[in-house]
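**Student:** One structure, pasted below without further comment.
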Amino acid sequence: MSDRLNKVRRELEKKRRQIDSSRKGRERAIPLLMNRHEESREDFDVYVHQEKEEREHRGKPGDFLVFRIMTAVCLALVIAILFKSNSPQLDGMKAFITDAYEQELQFAAIANWYENQFGRPLALVPVNQEVAQGDPEEQVEMVYALPAAGTIREDFQQNGSGILIETGLEAEVEAVKGGYVISVGEREEENLGKTVVVQHYDGTESLYGMLDDIGVKMYDHIQAGAKIGTVSINEEAQKGIFYFALKKDEHYIDPTDVLSFE
């Protein structure tokens, strides 16, 4: 009987020790988990804080656009105030700004440089029969081609800026050099009607006026000999007629100095 009681006591004592050991293990694990949780929260807080600081440093996406708009507005106001002023010290600045606004951008020269550096821009210069396929540098050096076969009805001295050329009926007018079309439309104030202006690689410009129809569009890249349009009809003489002019360094030059007509 005594042996049995002792055995029961030992088993109870063993279970008590196991329970105590298990309780102590849980008590040690809880602070460890709490510490890890606190550490993870601190790391997350640091990350969120850093991300917030980076966003504040970068600013909103629209801030740069607003800055550019404000800069443009301020620049416009400064220019307006400048031109309102009567101070003679500002005359040089006024002349510079006026010249910058009136000077035409040299599209053809820029395009020539771009093609030499980076190749032909596919989006701007489609590959078809209307595009200048030769080397742009060769086109710069080439002589002027005749815009159309005909005779001069009014020369440069009589006209003052260009010449009038009589041709056959429905004759085609062609580009005298490769370049970019920078103007297409009516010029009623100059009595030129439908007119096309082409800017060439060397900075010169050719103007084709009094056309019956136009075969090119703004910013077309064309080569020498490309069709510009067709001549209009001179009802009196029953012939074709069109206006032609050349401009160099913002001044008109006599086309007969570089072209030979019949």
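The values are calculated or read from the model by the stated rules, or taken from the named source; none is laboratory data. Keep in mind that what you see is a predicted model, and the values were worked out from it rather than measured. We place every Cβ from the backbone using ideal geometry, glycine too, and count neighbours over all the protein chains shown.
**Student:** Looking for whichever is surrounded by fewer than 18 Cβ atoms within 10 Å (Cβ to Cβ) and either at negative phi or polar (S, T, N, Q) (or both) here; the options are Glu205, Glu174, Glu190. Which one fits?
**Tutor:** Glu190
**Student:** Restricting the search to segment 161-191, which residues are hydroxyl-bearing (Ser, Thr, Tyr) and assigned to a loop (DSSP other than H, G, I, E, B)?
**Tutor:** Hit for segment 161-191 is Ser161, nothing else.
**Student:** Determine which member of the set Lys217, Lys247 is surrounded by 17 or more Cβ atoms within 10 Å (Cβ to Cβ) and over 11 Å from Val176 (Cα atoms).
**Tutor:** After ruling out the rest, the residue left standing is Lys247.
**Student:** Can you find a residue that is over 13 Å from Pro147 (Cα atoms), assigned by TED's automatic domain parsing to the domain that holds Ala148 and in contact with a His (Cβ under 8 Å, 6 or more places away or on another chain) anywhere in segment 166-180?
**Tutor:** Yes.
**Student:** What's the total number of residues in segment 204-238 that are at pLDDT 90 or above and out of contact with any Ser or Thr (no Cβ under 7 Å at 6 or more places or on another chain)? Give the steps one after another, and end with the answer.
**Tutor:** Taking segment 204-238 and keeping what is at pLDDT 90 or above, we get 204-218, 220-233.
Filter once more, so that each one left must be out of contact with any Ser or Thr (no Cβ under 7 Å at 6 or more places or on another chain): 204-206, 214-218, 220-230, 232-233.
The total comes to 21.
**Student:** Still on this structure, I have one more. Just the residues that are touching a strand residue (DSSP E or B) at 6+ places or on another chain (Cβ under 8 Å) and part of a loop (DSSP other than H, G, I, E, B), please, taken from segment 192-223.
**Tutor:** Result: Leu192, Tyr201, Gly203, Thr204, Gly215, Val216, Lys217, Met218, Tyr219, Asp220.
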